[in-house]
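Engineer: Here's a structure for you.
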Amino acid sequence: MLRKLNIRYMFNDSRYYQIVILSILLTFGISNDIFQLPPWHIPLLMLSTILSQLVACRLLGISFDIKSPLITSLSLSLLLRTNYPIVAVMAGLIATSSKFMVRFGDNKHLFNPSMIALVICTGFAQASWISPGQWGSSAYNILLIGGLATIVVFHARMLDICLTFFGVYFAALLLRTLWLGDDIAILFHYMSSGSLLLFGFFMVTDPKTVPNARAGRVLFATMVALLAFVMQFCMHIPLAMFYALAICSFAIPKIDELFPAPEYSWIKVERCGKA
Amino acid sequence: MLNKDKMVIFGMSLGLFAVVLLAFPNVSQAFCGFYVAKADTKLFNKASKVVIARKDDRTVVTMANDYQGELKEFAIVVPVPTVLEKGQIHVTENKIIDHLDAYTAPRLVEYFDGNPCERLMIKSAGMFESATRGLAQKAARMDAKKLGVTIEAQYTVGEYDIMILSAKESSGLQTWLVQNGYKIPAGADRVLESYIKQGIKFFVAKVNLEEQLKTGAKYLRPISIAYESERFMLPVRLGTVNSTGTQELFIFTLTSKGRVEPTNYRTVKIASDKEVPLYVKDEFAKFYVSMFDNAVKREGLGTIFLEYAWDMSWCDPCAADPLSREELRELGVHWLNGDKEEDIIIQGQRRIGIVPGPPSIAGGAVNVFVTRMHVRYDAESLPEDIKFQETADRTNFQGRYILRHPFKGKAKCKEAQRYYGELEKRFEREAQNLANITGWDISDIRRKMKDSGQDIEEITGREDDDSSDSDGSSGNRWWKRIWE
């Protein structure tokens, strides 16, 4: 217990950073009326995610760590919208169970838990939605979300996937804008969308659900960016990026096979010397 | 050791969980209302109204036409995703859109405080009607082939001559349009080019004067187009190219699942459920305009404001009669089959609508959700066309402003003291609300309140009353006792 409270120890696990920053964004969003959440929204998401993780860990006899389910519930709080408390509960259960039910390789789960919960709840349940426009588009978004998020991503050593995703998406968007002859302002409008930034910084970069090797990650990010682009601009699907991530996740086992590398560890072992 | 901790946490969490679930049941409030007053207005200049009815990919777009110039000068250019058959184009009536406008407009409700010694409340409701005006452009005719413009189809529908055009390149299209009298300004060819490359066609309409005379109407009627497309969007860019100032747009959507919102712009709800001073009743039009001006100042141009989102089978209070099935069908609600079973609401809160006058929805409930959005924009703030999505959100929202009339009689009981103390606080709160919502000067507001009779001293005749207030409420001017 004492070791867990060691501040030095905390600096080595990027999940602490992510929890803090997601909480900041959530608080900012609520207090600035960017979104209005029913009072049960956050508590139910947290309870269902954390409790289901707890139950699963006990059943499987593995140690329970609150950080991952907390991050999942914070992501869901930021993105999931519903009028039904039961959907919030379901989302937490789906997120957790996906981690334990859909696995491959040695010890990896296939889907980012919050992403798959969002995809299932919005795609199939039809009782929930995501509001991609809620953060609007502004330089402020880039500074706030991008700035804070870079800390997390840098620490988690996921900058490669993050930069690749935004780079490829931007390139595709730029080509499209030039081809159509649109104003470059449209480009900025798209790239400063809060939802895109949240997705690119936090969801695509989940270290546990991306390929192990750097080359694999770059390939994966490219696939997600291109598929998201096609789904959004050719198929006109508003929530394209989430679906794109879900679909591309199926390719991760193959990518890991092509580009083998050690699995990601939350703790920077080399930094502190001890696990 | 850890097991026990976890069990305790688990148990407590479960308990909390149960409490949380029970603590937030769905609460709906009922309210009886009837009309008190209508305000006739043409408030927002250069405002367009569009109604979009959509289910799955089937879309009907109705463009209201408040053009008031010379009829032969009228022309519009509308980007559409597909070539339309004659049957897909329809001319409808302005009054239906006006009806929808009135139904969804911000509204006033009035409450009358009863005698505080008796604790009665009588309620009544008011309603406000907003009207908007539209944009219009010019039109005439000529040869297209040379300019790479193909006239895909050509119809006369109602009083309009309509052509569906596709083009190979925008300069040709622009030339053709200009030559035919459609005023397309300089920068527009870029936007046209963008549309052409995306495979979008152009729907152009001008007035057929002979047919128009036959209708006998003084004003042009709205045009509806029905099509099927995965795109759920509103092309606004053409309109922004030529305008120097800002444009105003009201978008009404009729859907089956729930509220519609833009996916590429921010949505903000207008202020609602606020108590305002009584004199606002006579200035409601000004209030609405100022409120919106203030909201735009705060949130910026290009923000889409949600003014109404409601299940159309009921209203509370009703600002207008609900739309009839015929009217809804006319606006493109194609999923009402006239069969009661199929139109039953599939989810969400289901309440009996309390509607003034004779029931106008024949055959029971309708599965239609209406969203009213209002945006003020220019080319810079709305760089791309608005793309929408239909959410599963059936939460009802309306712009509702509350007038509370104080009790005017003489109340002389202990309750009354507390009531008047509260009243003064309430007056101040109403003044603050109004200042926040509209940006009007607070001292002006206070003065107007006094002038209109909303004066705590006048009401209580308290100037003569020196009795101390054990509550210590703010109405007690104790210094008068020592210096006067």
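The values are calculated or read from the model by the stated rules, or taken from the named source; none is laboratory data. In this text the structure is predicted, and so the values were computed from the model without any measurement. Here the Cβ is made from the backbone with ideal geometry for all residues, glycine too, and neighbour counts use every protein chain on show. The area values use the complete protein model at the heavy-atom level, side chains included, leaving out ligands, DNA and RNA. Shrake-Rupley method; radii C 1.70, N 1.55, O 1.52, S 1.80 Å.
Engineer: Can you list the residues of region A:205-239 with backbone N under 19 Å from a point 7 Å past the Cα of A:LYS254, pointing along Cα to Cβ?
Structural biologist: A:209-231
Engineer: Separate question: If packing is taken as the mean number of other Cβ atoms within 10 Å per residue, what is the order of A:102-113, B:398-409, highest first?
Structural biologist: B:398-409, A:102-113
Engineer: Between B:LYS425 and B:GLN179, what is the label-to-label distance in nm when each label sits 7 Å out along the Cα-to-Cβ direction?
Structural biologist: Once both label points are built, they end up 7.5 nm from each other.
Engineer: Turning to a different aspect of this structure: I'd like the mean, over residues of B:382-390, of how many other protein chain beta carbons sit within 10 Å of each residue's own Cβ.
Structural biologist: Mean number of neighbouring Cβ atoms from other chains: 4.
Engineer: Reported to two decimal places, what Rg/Rh ratio describes chain A when computed on Cα atoms with Rh from the Kirkwood expression?
Structural biologist: 0.95
Engineer: With respect to the cross-link table entries B:LYS286/B:LYS448; B:LYS72/B:LYS197; B:LYS72/B:LYS146; B:LYS145/B:LYS201, which display a Cα-Cα separation exceeding 20 Å?
Structural biologist: B:LYS72/B:LYS197; B:LYS72/B:LYS146
Engineer: Computed FRET efficiency, Cβ-Cβ of A:ILE151 and B:ILE402, R0 35 Å: what is it to the nearest 0.05?
Structural biologist: Plugging the Cβ-Cβ distance into 1/(1 + (r/R0)^6) gives 0.15.
Engineer: Let me ask something additional. With every protein chain present, what is the per residue accessible area of region B:262-322 (1.4 Å probe, Å²)?
Structural biologist: 29
Engineer: Could you run the Karplus curve 6.51 cos²θ - 1.76 cosθ + 1.60 with θ = phi - 60° over region A:91-96 and give me ³J(HN,Hα) per residue in whole Hz, x for Gly and Pro?
Structural biologist: These are the phi-based 3J(HN,Hα) values: 4, x, 5, 5, 4, 5 Hz.
Engineer: If you don't mind, another one. Any idea what % of Cα-Cα pairs in region B:167-279 are farther than 21 Å?
Structural biologist: 60
Engineer: Over both sides of the A-B contact, add up the buried accessible area with a 1.4 Å probe and give it to the nearest 100 Å².
Structural biologist: For chain A against chain B, roughly 3400 Å² becomes buried.
Engineer: Still on this structure, please answer the following. Find the accessible area per residue for region A:9-102; the probe is 1.4 Å, ligands and nucleic acids are left out, and the unit is Å².
Structural biologist: Averaged over the residues of region A:9-102, the accessible area is 38 Å².
Engineer: Here is a follow-up. Alpha carbon centre of region B:396-437 versus region A:41-69: separation in Å?
Structural biologist: Rounded to whole Å, the Cα centres lie 48 Å apart.
Engineer: Also: Considering every residue in A:38-51, what mean count of other chain Cβ atoms within 10 Å of its Cβ is obtained?
Structural biologist: 3
Engineer: Now for a different question. Once you put a point 7 Å from the Cα of B:TYR111 and another 7 Å from the Cα of A:TRP179, both along the Cβ direction, what distance in nm separates them?
Structural biologist: The modelled label-to-label distance comes out at 5.8 nm.
Engineer: Same structure, new question: With the solvent-accessible surface defined on protein heavy atoms using a 1.4 Å probe, which residues belonging to region A:57-80 display a reduction of at least 30 Å² in accessible area in the multichain context relative to the isolated chain?
Structural biologist: The answer is A:ARG58 - residues whose exposure falls by at least 30 Å² when every protein chain is included.
Engineer: For chain A, build the charge dipole from Cβ charges (+1 Lys, Arg; -1 Asp, Glu) around the Cα centre, then report which of A:PHE28, A:PRO69, A:PRO238 sits farthest towards its positive end.
Structural biologist: Selected residue: A:PRO69.
Engineer: Per residue of region A:64-70, what does 6.51 cos²θ - 1.76 cosθ + 1.60 with θ = phi - 60° give for ³J(HN,Hα)? Whole Hz please, x for Gly and Pro, Karplus curve as stated.
Structural biologist: So the Karplus estimates, Gly and Pro as x, are 8, 10, 6, 4, 5, x, 5 Hz.
Engineer: Accessible area of region B:187-337 with a 1.4 Å probe: how many percent of it is carbon plus sulfur?
Structural biologist: 45
Engineer: Another one. In peptide B:257-270, what is the residue-averaged number of other protein chain Cβ atoms found within 10 Å of each Cβ?
Structural biologist: Partner-chain Cβ atoms within 10 Å, mean over residues of B:257-270: 5.
Engineer: By the scheme Lys and Arg +1, Asp and Glu -1, what is the net charge of all other residues having a beta-carbon under 12 Å from that of A:HIS109?
Structural biologist: My count for the surroundings of A:HIS109 gives +1.
Engineer: In whole Å, how far is the Cα centre of region A:220-248 from that of region B:297-334?
Structural biologist: So the two Cα centres are separated by 33 Å.
Engineer: Percent of accessible area on region A:167-275 owned by carbon and sulfur, 1.4 Å probe?
Structural biologist: Of all accessible area on region A:167-275, carbon and sulfur atoms account for 71 percent.
Engineer: Only four residue types carry charge here, +1 at the Cβ of Lys and Arg and -1 at the Cβ of Asp and Glu. Report the dipole size of chain A about the Cα centre in Debye, rounded to the nearest 20.
Structural biologist: Value, rounded to 20: 820 debye.
Engineer: Three principal axis extents, largest first, for the C-alpha atoms of region A:75-214, in Å?
Structural biologist: Cα spread of region A:75-214 along its principal axes, largest to smallest: 46, 39, 28 Å.
Engineer: Still on this model: Note every residue of region B:212-253 with a reduction of at least 10 square angstrom in accessible area, all protein chains present versus the isolated chain, computed with a 1.4 Å probe, or write none.
Structural biologist: Buried by 10 Å² or more upon assembly, which counts only protein chains, are B:GLU230, B:ARG231, B:ARG237.
Engineer: Now for a separate question. Accessible area per residue of region A:178-247 at 1.4 Å probe, in Å²?
Structural biologist: I get 32 Å² per residue for this part.
Engineer: Which residues' amide hydrogens lie under 5 Å from the amide hydrogen of B:THR263, considering only partners 5 or more residues apart or on another chain, with H built in the peptide plane?
Structural biologist: Answer set, sorted by chain and number: B:LYS387, B:PHE388, B:GLN389.
Engineer: Taking the simple approach of a point 7 Å from Cα along Cα-to-Cβ for both A:PHE100 and B:TRP483, what is their distance in nm?
Structural biologist: Label-label distance for A:PHE100 and B:TRP483, simple model: 7.4 nm.
Engineer: Given 5 Å bins starting at zero, what is the percent of C-alpha pairs of region B:214-264 in each, up to the one with the largest pair distance?
Structural biologist: 4, 10, 17, 22, 18, 15, 10, 4, 1
Engineer: Across region B:197-208, in residue order, what do the Karplus-derived ³J(HN,Hα) couplings come to in whole Hz, using 6.51 cos²θ - 1.76 cosθ + 1.60 with θ = phi - 60° and x for Gly and Pro?
Structural biologist: 5, 7, x, 8, 9, 10, 10, 10, 9, 9, 7, 8
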